[in-house]
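The values are calculated or read from the model by the stated rules, or taken from the named source; none is laboratory data. Only a predicted model underlies this, so the values are computations on that prediction, with no experimental measurement involved. All Cβ positions, glycine included, derive from the backbone under ideal geometry; neighbour counts span all protein chains shown. Ligands, DNA and RNA are stripped out before the accessible areas are found, and what is left, the full protein with its side chains, is counted by its heavy atoms. Shrake-Rupley method; radii C 1.70, N 1.55, O 1.52, S 1.80 Å.
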Amino acid sequence: MRVESQPLVSMTNVEKHYGDFHALKNVNLDIAEREVVVVIGPSGSGKSTLCRTINRLETITSGSITIDGKELPAEGAALAELRSDVGMVFQSFNLFAHKTILENVTLGPIKVRKLSKSEADKQAMALLERVGVAHQADKYPAQLSGGQQQRVAIARSLAMKPKVMLFDEPTSALDPEMINEVLDVMEGLAKEGMTMVVVTHEMGFARKAAHRVVFMAEGEIVEVAEPEEFFTHPQSSRAKDFLSKILTN
Amino acid sequence: MDFLELLQMFLSGTWGTIKLFTVALVGSLVLGTVLAAMRVSPTPVLRIAASTYINVVRNTPLTLVMFFCAFGLPFLDIRFGSTSSFNSFVYATIALIAYTACFVAETLKSGIATIPVGQAEAARAVGLSFGQTLNEVVLPQAFRTVIPPLGSVIIAMLKNTSIASAFNNRELISAMRNAIEVRGDLVIPLLFGTAVAYLILALLLGRVFDYLERKLVILR
């Protein structure tokens with residue numbers, strides 16, 4: 001599945017400290033175009049931090065992260081431009097509370113991509129249609145269920161036509177019956193060849209959609225393997241321990 | 001001087017108060033927003049400049065701020081028009097704006113602090129710049145959350161316009177003083193009449209803020 005060209009996202013010797021806490025330890029990870037990488041690990045293992053460093057919502061202490069061959073710039077116009085190419089879906093949805101569903105999806109295209117309102121509306125409605133919430137376009141985020149909000153958040157990211165999408169525990173805040181509607185949309189994206197980094201506890205999604213599973217513990221990447229291989233023959237004791245805990249219930 | 005003439009005097013005084021208030025309202029909201037944005041900006045110089053300004057001006061009595069504007073600005077030869085009454089009006093509004101903007105900024109800043117971090121993160125993740133994030137996502141929500149305390153700040157400013165009467169401005173208090181000069185026998189009714197005029201204006205303002213609060217509430 002690996003493509004031998006230049007990786008789309010490349011993390012080299014990345015270190016992150018929060019004061020005394022060593023959140024990321026010498027992280028090296030290349031993600032190819034069209035690749036779906038699922039990051040799993042116990043809580044506090046640094047998987048969310050890793051995901052958030054890719055669009056520099058978290059800064060790193062040392063090391064290098066490149067996207068499409070370009071080093072992540074410091075805060076400013078160049079970083080804003082780069083972020084517009086990197087979609088992000090959050091655990092807590094983070095839809096703009098004072099804007100309608102439609103406005104949530106059109107804000108980026110209008111302000112960053114400089115689309116006209118009518119073009120942006122048209123594109124947004126098509127995306128909302130695709131994630132199945134077009135009929136809610138004029139409502140406000142709080143009027144939607146969690147699953148619907150998260151699908152809108154995915155549409156909001158897609159509206160920027162990103163090169164890569166980051167999912168930071170996208171189903172962890174959802175009621176169980178709403179998890180699948182979000183995972184279905186994500187699987188659809190994976191099938192279409194979207195490059196994705198997904199931090200999740202959903203092993204079913206990892207098996208179905210991932211090309212590689214990255215297992216993290218205590219800030220380190222402990223194991224990287226294809227999903228079947230990882231779930232059936234984990235190599236490290238920490239991965240075995242983690243899997244035994246989550247797969248028994 | 002009969003009742004009709006007195007009433008006319010009060011009406012023109014009320015109009016003077018409304019003019020002062022309206023210009024100062026717009027100006028202090030604009031300056032207050034700029035100060036609040038500076039206080040949360042990533043640039044240390046802007047943050048320090050804004051907090052220094054707020055700390056100094058907010059802790060100076062408004063009367064003294066008025067003195068600075070009404071006597072200090074003409075001394076520096078800063079004038080805005082040919083008539084002294086227009087200049088007095090501008091000096092008084094500058095003082096009101098300079099002073100009230102501090103309270104607007106502090107109120108807004110407390111509102112900004114209540115907006116979940118995820119809102120700004122999502123805006124930045126979409127590619128919005130710092131300024132766009134503030135303008136499109138953070139400030140509109142901050143304004144909506146601080147409407148009730150902002151109402152108190154604005155009502156206080158309405159009453160503070162009365163200080164301008166001591167600096168050659170025609171408004172409610174100066175109208176009352178003139179009226180008392182000619183009809184000293186009516187001093188008690190005139191005092192009450194003035195109080196009622198302020199009360200009516202402040203209550204109307206309160207209604208406007210109640211309406212905005214209901215209309216602009218954010219569901220979370």
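Restricting to segment A:229-242, name every residue that is open to solvent by 10 Å² or more (accessible area, probe 1.4 Å) and hydrophobic (A, V, I, L, M, F, W, C). Full working, then the answer.
Within segment A:229-242, the subset open to solvent by 10 Å² or more (accessible area, probe 1.4 Å) is A:229, A:231-238, A:240-242.
Those that are open to solvent by 10 Å² or more (accessible area, probe 1.4 Å) and hydrophobic (A, V, I, L, M, F, W, C): A:F231, A:F242.
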(message) touching a Ser or Thr at 6+ places or on another chain (Cβ under 6 Å) and away from chain A (no Cβ under 14 Å): is that true of B:I97 in this structure?
(response) yes
(request) Scan segment A:204-228 residue by residue and report those that are closer than 23 Å to A:D184 by Cα and open to solvent by 30 Å² or more (accessible area, probe 1.4 Å). (result) A:G204, A:R207, A:K208, A:H211, A:R212, A:E226, A:E228
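Could you grab me the full set of residues in segment A:58-70 that are surrounded by 12 or more Cβ atoms within 10 Å (Cβ to Cβ) and more than 14 Å from chain B (Cβ to nearest Cβ)? Write out each step before concluding.
Our first condition is that a residue be surrounded by 12 or more Cβ atoms within 10 Å (Cβ to Cβ); within segment A:58-70, this holds for A:58, A:60-61, A:63-68.
Once the filter is applied, which keeps residues that are surrounded by 12 or more Cβ atoms within 10 Å (Cβ to Cβ) and more than 14 Å from chain B (Cβ to nearest Cβ), segment A:58-70 yields A:I60, A:T61, A:G63, A:S64, A:I65, A:T66, A:D68.
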(message) Here's a check for you: in segment A:111-147, which residue that is open to solvent by 50 Å² or more (accessible area, probe 1.4 Å) and facing another protein chain (nearest Cβ under 10 Å) is farthest from B:L128 (Cα to Cα)?
(response) A:Q143
(message) more than 29 Å from B:I112 (Cα to Cα) and surrounded by fewer than 18 Cβ atoms within 10 Å (Cβ to Cβ): is that true of A:E81 in this structure?
(response) no
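Collect the residues in segment A:90-104 that are more than 10 Å from chain B (Cβ to nearest Cβ), of a type in the set (A, V, I, L, M) and either in contact (Cβ under 8 Å) with a residue 40 or more places away in the chain or open to solvent by less than 20 Å² (accessible area, probe 1.4 Å) (or both), keeping them in residue-number order. Before the answer, list the steps.
Going through segment A:90-104, the residues more than 10 Å from chain B (Cβ to nearest Cβ) turn out to be A:100-102.
Adding the requirement that they be of a type in the set (A, V, I, L, M) leaves A:101-102.
Selection gives A:I101 alone.
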(message) Checking the condition crowded, with 22+ Cβ neighbours inside 10 Å, under 26 Å from A:S45 (Cβ atoms) and either touching a residue at least 40 places away in the same chain (Cβ under 8 Å) or not aliphatic (A, V, I, L, M) (or both), which residue from A:A173, A:A159, A:A153 passes?
(response) A:A153
(message) If a residue must be under 23 Å from A:L29 (Cβ atoms) and not in a helix (DSSP H, G or I), how many such residues does segment A:161-191 contain?
(response) 11
(request) From (1) part of a helix (DSSP H, G or I); (2) open to solvent by less than 10 Å² (accessible area, probe 1.4 Å); (3) within 27 Å of A:A173 (Cβ to Cβ), pick out the condition that doesn't hold for A:G87. (result) (1)
